[in-house]
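Reading through the structure tokens given below for one structure.
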Amino acid sequence: MNNKKLRSMLGLMLAVVIVATGCGQAKGNNANANGAGNGNNKPADEVIADIPAALADKGDIKLKVIRKIGGDDHTAQFLAGAKQEGEALGFSVDTFSANGDTAKFLDALDQAANSDVDGVVVSHGDDPATVKAVQELRDKGIEVVAFDSVGELSGVSGVTLTSQDDEALAQFALDNLVKEQGEDAKIVYLWVDGFPPMVRRNNVYTETLAKYPNIKEVDRFGVANENTSVDTQNAVAAMLTKYPKGEIDAIFATWDAFAIGAARALIEAGRTEIKIYGIDVSNADLQIIQEENSPWVSTAAVDPKMIGAVNVRLLAKKLAGEETPETYNLEAALIDQASLKKSAEPVNMVTLAEIIPGWGTTDAFEETWIKSLKAANGK
């Protein structure tokens, strides 16, 4: 069902609710008691009544998903998940990645504030200007959900802040590193400051070094741009010339774009004795992890498509006038090379659910009326 039909569909649903309510007063509850409806499903009038009237009143729903970082598969899947979920609900969804360009990111937020958009998902807003831009969106009545963005957005009324459980992601990765490399491991740290999720992951890293004082950080690197993987590959290749075999045991990569570059550098240099412990996952990541003699041995992650979908569900609930939490963390999981190798076929983001129970699915905020809208759109 295209977006232009949403207004008439919701209006019709609301009209039927009114009629059904009137009929119910005349006929009592006999229809429900007799199991009238479609097989084992709810009766038709009850299903239609699930659609919030506030949503029907809005007519055509337009959403924008605006992400500051980009140029990586994780971003592509996040945006795809948000768009897929929104369109399944009959909404119009536009997505935009600024590829790390602050000016383009803020301009996109400003354009959204001066358009007829109903809701915005903001991703990786990391500065005071983001707070000001989101406040402008809210002042104009536009609903906002912010993913992996600056904590000061909690001071903007009506905004829900979502994130991967970054503390858990970092802890999973580091615990596995210590388990396999020991409490005196010599490591390279790939990290970049300035992004809220990176700050949270760095806090866990700092705590881990304090817990295991014999772990030695021999070097570090970090840059976030449209060429992060390539720049990281070059940086790690340069590091390897400074540290002969035996002087680096592992690399802790706090972003899969870092891990991809590091893996390429290690493979090209024949230094696969150095193992990579990463964060985030994509099809490209899984392919590298499963390569013969790959140095990338594990990654901690949340399904990026699912992240996008959950953020849109929260936005839909706001548009429906329903209560939403101030914050929400998505549950993390550890994906290790050994488990992937147990599969007879190469594992991808879809079949990963066969390795990690529950991967890629969640019923978080998937209200009954959201399922009804999806069914009405054939999704």
Query - Dipole in debye (nearest 20) - the range 101-208, about Cα centre, beta carbon charges: Lys, Arg +1; Asp, Glu -1 - result: 40
Query - Positive-end residue of G59, Q135, A344, charge dipole of the chain with Cβ unit charges - result: G59
Query raised in the report: Just the Cα atoms of the range 217-342, one point each, no solvent: what log10 I(q)/I(0) does Debye give at q = 0.12, 0.17 Å⁻¹?
Result: -0.53, -0.86
Query - Check: the chain dipole with +1 on Lys, Arg Cβ and -1 on Asp, Glu Cβ, in debye - result: 860
**Report entry** Other-chain or far-sequence residues with amide H under 5 Å of W296's (modelled H)
**Finding:** I276
**Report entry** Restricting the range 195-271 to GluC sites (Glu not before Pro) in coil, as DSSP defines it, with at most 15 other Cβ within 10 Å
**Finding:** E247
Query raised in the report: If the cut-off is 16 Å between C-alpha atoms, which lysines fall inside it for K132, apart from same-chain ones fewer than 8 positions away?
Result: K68, K104, K140
Report task. Would you mind telling me the share, in percent, of accessible area of the chain contributed by carbon and sulfur at probe 1.4 angstrom? Result -> 48
**Report entry** Rotationally averaged projected area of the range 282-379 (alpha carbon convex hull; nm²)
**Finding:** 7.6
Requested in this report: Pull up all non-local amide H partners of K186: gap of 5 or more, or a different chain, and H-to-H distance under 5 Å with H placed in the peptide plane.
Outcome: K216, D249, A250
**Report entry** Out-of-range pairs (alpha-carbon distance over 20 Å; input K211/K242; K245/K342; K83/K305)
**Finding:** K211/K242; K245/K342
**Report entry** Those aspartates and glutamates that a straight Cα-Cα span of less than 19 Å connects to K179, excepting residues fewer than 8 apart in one chain
**Finding:** E167, E207, E217, E247, D249, E273, D336
Query raised in the report: For the chain, with the dipole built from +1 on Lys and Arg beta-carbon atoms and -1 on Asp and Glu ones, taken about the Cα centre, which of N114, T327, I69 lies farthest toward the positive end?
Result: N114
Report task. Please report, in debye to the nearest 20, how large the charge dipole of the range 190-323 is about its Cα centre when each Lys and Arg carries +1 at its beta carbon and each Asp and Glu carries -1 there. Result -> 260
Report task. Provide the per residue accessible area, probe 1.4 Å, for the chain, rounded to a whole number of square angstrom. Result -> 44
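The values are calculated or read from the model by the stated rules, or taken from the named source; none is laboratory data. Here the structure is a predicted model, which means the values were calculated and not measured. We place every Cβ from the backbone using ideal geometry, glycine too, and count neighbours over all the protein chains shown. Accessible surface areas use protein heavy atoms only, side chains included; no ligands, DNA or RNA. Shrake-Rupley method; radii C 1.70, N 1.55, O 1.52, S 1.80 Å.
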